[in-house]
Amino acid sequence: MLKLIVIFLCAFSSSFSASVKGGPRLGSGQLYKFGYSTDVVLDRAKGSARAGAGYRISSAVDISSAWTNPSSKGDQLLQVAIRDVEIEGATPRKAKDNVFQGSTPQSVLGTANLAALEKPFLVHLKLGKVMGLYSYQNELTAIRNLKRGVASLLQLQLGSGKRQEADASGRCMVEYLAEGNRVTRVKDLDSCKTLEAGFTTHSQVLGVNQRSSSVTEFILEDGFVKSAVSKETHILSLNARGSAATKVMSRQTLTLLSKEAGPPETAGEDVPTVVKSLDDNFVSISLIPEKVKTKCKRCPTLWEHWQTVRKQFEPESLSKADAPRHFLSLIHSIRKASKDDILKVMNNCSKTALRDNDTYTQLQLQPQMVDSVTSAQTPASLDAVLSFLDFSKASGQVLQERFLYACGFASHPNEHMLQALLGVWKGKVGSSEIKETVMIIMGALVRKLCQKGGCELPTVLEVKKLMLEGPDSSRKEEEVQMYLLALKNALLPEAIPLLTRYSESEVGAYSTIAITALQRYDIALITDEVKQTLNRVYHQNRRIYEKNVRAAAADVIFSSDPTYMEVKNMLLSIGHLPHEMNKYMLSKVHDILHFEMPASVMVRRVMNDMISHNYDRFAKVGSSSAFSGFMARTEDTTSTYSLDILYSGSGILRRSNMNIFALSHSAHLHGLQVAIEAQGLESLIAATPDEGEEDLESFAGMSAMLFDVQLRPVTFFKGYSDLMSKMFSLSGDPMNVVKGLILLTDHSQVIRLQSGLKAAVEFQGGLAIDISGGMEISLWYRESKTSVNNRGALVVVGSMTVDMDFMQAGVEVSFETEASLDFITTVQFSEYPFLVCMQMDKATFPFRESVTKQESLWSGQSFVSHKDKKDLVPGSEFPLHQENSNMCKKVFDDSW
């Protein structure tokens, strides 16, 4: 016990040794003359300090003691005066590229600002901690921040230990390491709290990573600072592409040049009294910089901006990278605009322009404008778009749907957005499809808000109650499916029992949605009870289920850490299933082994048993398949795809499921899922339906999930009469599933540097996307064809800017591409086993990267450096299993 007490006391004394030893102290009656400089350089992450953009401010700094507490020598009021200011570029440039060439401090800062900078200020230093700062009322914020930067270098402890300190960086945890007359201060920049509130994308894959460091080296002489050198670096990079990165490097130096006799100290009882006696105009200011709303100089209004970019928002331009690039720039303008300014532009898009005869073009621009305004995610933009849209009318369905999907893809939604959708839900909605979409998208918003810790917000609680009670409160099939799809988006842990119960529903659509929703949950939440239910569904212990329901249940079991007996029972079932499901399950097992999925270890273990693994069981024929592969593998991201196709015994497609996933830094993103389902079509070719599917209504439709957001499914036809009316019009022309502009990456923050400067960081990624699907059936040729077409243009821009009002430096990195991906399945069912050919083609596409650096002065001088790199990525057909290649050869040979 005594040992523990001794150890505790030693640790305690070590942790607080800095407090015991105190801080530096200035000799009274002396004037300390220092040389001071601070510089900032911005560049791409791998750029050198000599090639970046930035500037350096240097000066002399005089420090003297204005007052010392009679009862505590470590409690002082220091007078600090900055003089002989010089401003220059931080990196060497030719005279023609040097914006500071021929300039003076007066011409850069302005005479009044220079005078304010050189006006003395006071620092209250107590035991090495800055307790207060005193300057003047009407100083420009940038001038005041430079003074904060100097004061931050005067704060230090003379002994080792950790503590929390406030300086120009914010309130941060710091660690001091003292050795002789040297003290090193290491600041934990991740711990810093400032008054600036930024935001970031909820998805880690699409988000931004930050690496920061701050180290200050002090050398002491006679109890005060002889020299101080501070180096601070911040690197921000896109998680999915680490080369898209920006960097800011800040350096401060303070060097003692000489000491001489200085002014005498002022007598006084306390700091406020002394401050008042020195100058009645002094005011107390915080060492932590206050939040200041910056005003853009020379920026166009939203209306002016819209007039310059509107051509790029026309439908025929959306497949080009210019569309998402201008989409991102327009969002910047919208975020600075008022509700009235936004409505002015939106109303202009809806007016008939008779004079220049572009009525059709104006109407075509409306959806893109709705995408942009909604994606801005400001109170003004949300209020404006809600005022513009009239949900009580079914005629505006296209714009209403674009608004709802933009809400679903929102990068950082808040309770106000969810509240707005709840208001739409409670109000009059002219279209039943829009009402369904509102509920489905509210599920996506609930998930994002819960991820940010907002699960207990009043509006979130109300929407959760609606979703959880919805399925049991309605007898309409469409409404029950709507609530289940909303829960699939929300992924609420408390919804698992309800989804488990609906997995055993007699209605196949309910079961499919519930089971695929369970597949999206973390494995840790899939309890034994859930797995028992899924096993009952797969093995049909209580009732007969449709093939696609059983296949979905098998997928969840395989992906949820299956037990030995679960895997064994599924393998033993092969040979007792419908023909095509036998083939599907065999293909699924082979895919698990081929792609080394987590379940592969258990599958191999079970396959050591010859009863489970034998030729009779593993030689079943058919055309259904499951295959996974790699789309791309880079240092930062791995993209994979999977194609699962299940046919009916008659050769008609039952379910086609295409998935694209992205994995980055242990984070997972379900980028895309397009599922096409068909049922009840056997009567077209006089075939016999499979077991459990004899009474299914004729139906074909498509469901899509995009960036972890489930969208409202679309229907090709439903019912025999609808099928017959569309049979001769099923030309294979694609039906649109989702089309629009999406804000994928959205990161904004302000980095407060110890020097008093601030770096504004923004990363944004915009995507113009068009996903469509089609289905064509030819009774004459006894052939069917399904297609999923994906078109997109992507632009990602990352920028970092240090703006002092009178001068600015910045760097921007970006990349862009335009790509397409097509998935086509051709089936010839004139004989059995029928021929199936699957094709997944990627067209040749361009890829461009660029970096731009700039420096400018408020007087108009500017320098811009721009470099770009262009590549052409060759197209390819993604490999599937060999059996598919053999079938494709035969299909196209026969067709030819």
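The values are calculated or read from the model by the stated rules, or taken from the named source; none is laboratory data. Given the structure is predicted, the values throughout are model-derived calculations rather than measurements. We place every Cβ from the backbone using ideal geometry, glycine too, and count neighbours over all the protein chains shown.
Whenever a residue of the stretch 605-633 is farther than 22 Å from GLN882 by Cβ, its partners that are among the basic types (Lys, Arg) and crowded, with 16+ Cβ neighbours inside 10 Å, lying with C-beta atoms within less than 6 angstrom and at least six residues away or across chains, give the pairs VAL606/LYS568; SER612/LYS568. Taking the criterion of being part of a strand (DSSP E or B) and in contact with a Lys or Arg (Cβ under 7 Å, 6 or more places away or on another chain), the residues of the stretch 826-849 that qualify are THR826, GLN828, LEU835, PRO846, ARG848, GLU849. VAL601 fulfils the conditions (1) in contact with a Ser or Thr (Cβ under 8 Å, 6 or more places away or on another chain); (2) surrounded by fewer than 14 Cβ atoms within 10 Å (Cβ to Cβ); (3) among the β-branched types (Val, Ile, Thr) except for a single criterion, (1). Taken together, the residues in the stretch 176-221 that are more than 37 Å from the chain's Cα centre (by Cα) and surrounded by 15 or more Cβ atoms within 10 Å (Cβ to Cβ) amount to 5. The set of residues in the stretch 378-427 that are out of contact with any Phe, Trp or Tyr (no Cβ under 8 Å at 6 or more places or on another chain), surrounded by fewer than 17 Cβ atoms within 10 Å (Cβ to Cβ) and outside any helix (DSSP H, G or I) comprises ASP390, SER392, LYS393.
Among the residues examined, VAL150 does not qualify as over 23 Å from GLN749 (Cβ atoms), touching a residue at least 24 places away in the same chain (Cβ under 8 Å) and part of a strand (DSSP E or B).
Which one is nearest to GLN101 (Cα to Cα) among residues in the stretch 855-865 that are in contact with a Lys or Arg (Cβ under 8 Å, 6 or more places away or on another chain) and part of a strand (DSSP E or B)? So the residue we want is PHE863.
Restricting attention to the stretch 519-535, the residues that are assigned to a helix (DSSP H, G or I) and either over 25 Å from the mean Cα position of the chain (by Cα) or loosely packed, with under 13 Cβ neighbours inside 10 Å (or both) total 11. For the stretch 428-458, filtering for residues that are in a loop (DSSP other than H, G, I, E, B) and of a type in the set (Gly, Ala, Ser) leaves 4. All told, THR500 meets the bar of being closer than 28 Å to GLU694 by Cβ, buried (at least 20 other Cβ atoms within 10 Å of the Cβ) and modelled with pLDDT of 95 or more. When you look at SER772, is it under 29 Å from SER628 (Cα atoms) and either in contact (Cβ under 8 Å) with a residue 24 or more places away in the chain or of a type in the set (Phe, Trp, Tyr) (or both), yes or no? It is true that SER772 is under 29 Å from SER628 (Cα atoms) and either in contact (Cβ under 8 Å) with a residue 24 or more places away in the chain or of a type in the set (Phe, Trp, Tyr) (or both). Only one of (1) crowded, with 20+ Cβ neighbours inside 10 Å; (2) out of contact with any strand residue (DSSP E or B) (no Cβ under 6 Å at 6 or more places or on another chain); (3) under 22 Å from LEU821 (Cβ atoms); (4) not charged (D, E, K, R) fails for ALA675. Which number is that? Of everything listed in (1) crowded, with 20+ Cβ neighbours inside 10 Å; (2) out of contact with any strand residue (DSSP E or B) (no Cβ under 6 Å at 6 or more places or on another chain); (3) under 22 Å from LEU821 (Cβ atoms); (4) not charged (D, E, K, R), ALA675 misses just condition (2).
Restricting the search to helices (runs of 4 or more DSSP H) fully inside the stretch 542-622 and requiring at least 1 residues that are touching a Gly at 6+ places or on another chain (Cβ under 6 Å) gives 547-558, 579-594, 615-618.
Condition check: more than 26 Å from the chain's Cα centre (by Cα) and crowded, with 19+ Cβ neighbours inside 10 Å. Does MET800 satisfy that? Judged against the criteria, MET800 is not a match. For LEU577, the conditions (1) surrounded by fewer than 18 Cβ atoms within 10 Å (Cβ to Cβ); (2) more than 23 Å from THR500 (Cα to Cα) all hold with the exception of (1).
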